[in-house]
Amino acid sequence: MASKSALKQIREKIDGNDNKGALKLVEDQIKANVVDYTLLLFAGFANKNLKNLEESARFYRKAIDIAPGQLPAWQGLYEVITDPEWKDAIDDFYLSVVNKLIEKTTNPEKLPVYKKARVRFFLALEKYEEILASEDFSAYFTDKDACLKGIQKVNNNLKKTGAEQLTKELLARIDLDGIQDANNHFLLCGLHLKLSPYTDYSKWIISHIRQFPEVSSPLIVHQSFCILAHELLRSSLSLAPNLRELSSLCFRLQSSPPHFSQKISKFFSSANLNAAFDFINSCPAEDYQLWPDLGLVLFTFRELGQFCRISKLLKSISISATVPSLDHLAIWSLKIESDFQIADSNTEFESILEDLNSPEVNYKNSKQLWSWKLKEIYTKCLILTAKLNTAPELDSLLTELYGGEEVHSMLHLKSYYHFHVSKQMDTARELVKKAIVLGEEDPDNEPTDCRNVLLYVRILMAKGQRQVANSQLVSAAQKNAYNADVFHLLALNLLASGTDLEKAKACAQRALLFNPSSEGTAKVLQELYAKQNVDNNIRLNSLVSFLAERPASEWGLKQAALLEINLGKLDQAVEKIQRLVRIKTTASSNRIVDRENEEMCALWIFLSEAYKQKGNLQSAVRACKTALDIEPMHYSATLQLIQLHQGMGHYLEAIELGTSLLSSPCLSPTSSRFCNSSTLTP
């Protein structure tokens, strides 16, 4: 133990600010193997005064080892490790120093100071859960500067346990509009983008763009347009004022050269979707294959009813690989809606039902913004595929999907059922009229949404009220100038009334422009061409364009093949008939029935006739024999084969077949009708 006189000398040196002299005396004592608590305290204090912080900490720690129950050494060490010039890393021992002082101090003024220090140490040690659980949290993070410093500490460790939650808590304490430094604003905005609910993104982006439009990193620019795409796609109202403002702010972002998203956002800010559509058409498809460009294009197409183009675009990409995960359901919903809008066969409706029941889509989840649309499509597909046949089944399903609330979607579906299944047109009409009124009163319903009106029109047409239907369609066309269904029904209604075939043709052509894969519209146009005696080359060109979109259309292949035979284009006709045979063969492989056998026979006979006209008699014979393999006693196939053998000089074969034909009691009475000109000629 050091003598009192030695300690007194050291103390006098320290009081006289002769810290080096004090340390010389301490060194002499240590060389004499003196171990003393007070001596170590003086050594720590003198070194602290000289800014020898590491040495000071070493002496204080030795003093703690000697007398851990006495506070002065703990207090001295605390002063060292909280000195602004302290360079050593904070470790768990230093945290224990603060905990010891909090536990033992009797000074009420010192206690909050120690508690704040503990939060700082928690931050340094990345003990984020401890900070969140600490009662000192609010006392430490009292202003935006403290919160900002805390965020800066945590920012590089967001994967650590508790880091995200702590950052969210700190972000909530900072008013972003009050941050004047662009870099700090950018940091906070980026964290909001990373951690906040996606639905809140727009307010953070708007805040940043308003204050610092010229200070935008590629990340901010990219995220801004991702947010714009998200907000547009999730909105039930097209380009509401807040979305136009967001579009305008995004357009102001600095980007050199201006990219696709920036250019198209200009049109959104002025609510000019037609100009946006024209801009898209002026760009190569490669310009908008990636997100968010793709999202902005899909929004434009959705608003203008370009469902065929949406379907094509989405078939060309992988949704999971291209679209941000938070937008997956929106895009899946849009895909299903688009596929439904352009579907016109049971196979397509079955495929849509599969998508609705897929893991990617939960159509029954009422919390999803797109749920009402998916529920509606699901119900319609059940009706169209004859899986829902009775009113009680419908009521049960609607109760499950919508509960007891009478919304316009439910009334629409009831009307849809009566139109397609029960055929009670008066009931269907009253229901859809009520749905129209409720839809107009619904603030979330898009004003240009015309599905109720189009169902009403179909009912009017079914009841023969064509003038009223036409008035409704003209009004709908003014609001929905790009909607294929509107112009399809206009063409169909005018065709049925026979009043203005030229206008009907123009409407059908416009409908095909927007939905070139519609077999129904293609049929209407071909019927109009036939009534107007339009040149076969024009008719064929129209069918070729349609088949480019729907290469597996059996109707389209038949009609095109007939026209090509009439025009002498036998090679093309044979190729289409062969495609048709392959399609029918594949479709029938698992379910051979009499009707399909007859159709297959007729196709092979049709192909045989095409080979015959081309002069390829051997192929014509093989085609006929294939038909007879399917239906051995088929009258038309046998007759065709007799004629072929006769033309080739195979008289014995012809006589043998003729004899069997005359003696057979089992001739197919309906097979020849398939090739009758009244059913196959366009």
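Each reported figure results from applying straightforward, stated rules to the coordinates on display, with no laboratory input. All values derive from a computational prediction rather than experimental measurement. In this analysis, Cβ positions are derived from the backbone assuming ideal geometry, glycine residues included, and neighbour counts consider all displayed protein chains.
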Checklist outcome for this item: Restricting to aspartates and glutamates and to Cα separations under 20 Å from Lys263, and discarding same-chain partners fewer than 8 apart, the set is Glu214, Glu231, Glu245, Asp278, Glu286, Asp287, Asp293, Glu303
Checklist entry - For the range 1-60 and the range 63-131, what is the separation of their Cα centres, given in Å? => result 22
Next on the checklist: Using a Cα-Cα cut-off of under 27 Å, which lysines could be cross-linked to Lys505, ignoring same-chain neighbours fewer than 8 residues away?
Outcome noted: Lys312, Lys463, Lys479, Lys523, Lys531, Lys558, Lys569, Lys576
Item to check | Separation between Cα centres of the range 535-557 and the range 591-653, rounded to whole Å | outcome: 25
Checklist entry - For the pair Lys625 and Ile655, what calculated FRET efficiency results from E = 1/(1 + (r/R0)^6), where r is the Cβ-Cβ distance and R0 = 22 Å, to the nearest 0.05? => result 0.80
Next on the checklist: If I take R0 = 41 Å and measure r between the Cβ atoms of Lys24 and Asn107 in this structure, what FRET efficiency does the formula 1/(1 + (r/R0)^6) give, to the nearest 0.05?
Outcome noted: 0.75
Checklist entry - Once every DSSP H run of n ≥ 4 in the chain is given -39500 (n - 2.57) and the sum is divided by its residues, what mean residue ellipticity at 222 nm do you get, rounded to the nearest 500 deg cm²/dmol? => result -22000 deg cm²/dmol
Item to check | Listed candidates [x] 1.79; [y] 1.30; [z] 1.55 - label of the one calculated as Cα Rg over 2.2 N^0.38 Å | outcome: [z]
Checklist entry - Under 25 Å from the Cα of Lys168, which lysines turn up, not counting those fewer than eight places away in the same chain? => result Lys115, Lys116, Lys127, Lys144, Lys149, Lys153, Lys159, Lys160, Lys194, Lys203, Lys367
Item to check | Label-to-label distance, nm, for residues given as Glu354 and Asn33 (7 Å Cα→Cβ offset) | outcome: 9.1
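Go through 420-427, 459-466 and give me the packing order, highest mean Cβ count within 10 Å leading.
Per-residue Cβ counts within 10 Å, averaged per peptide and sorted highest first, yield 459-466, 420-427.
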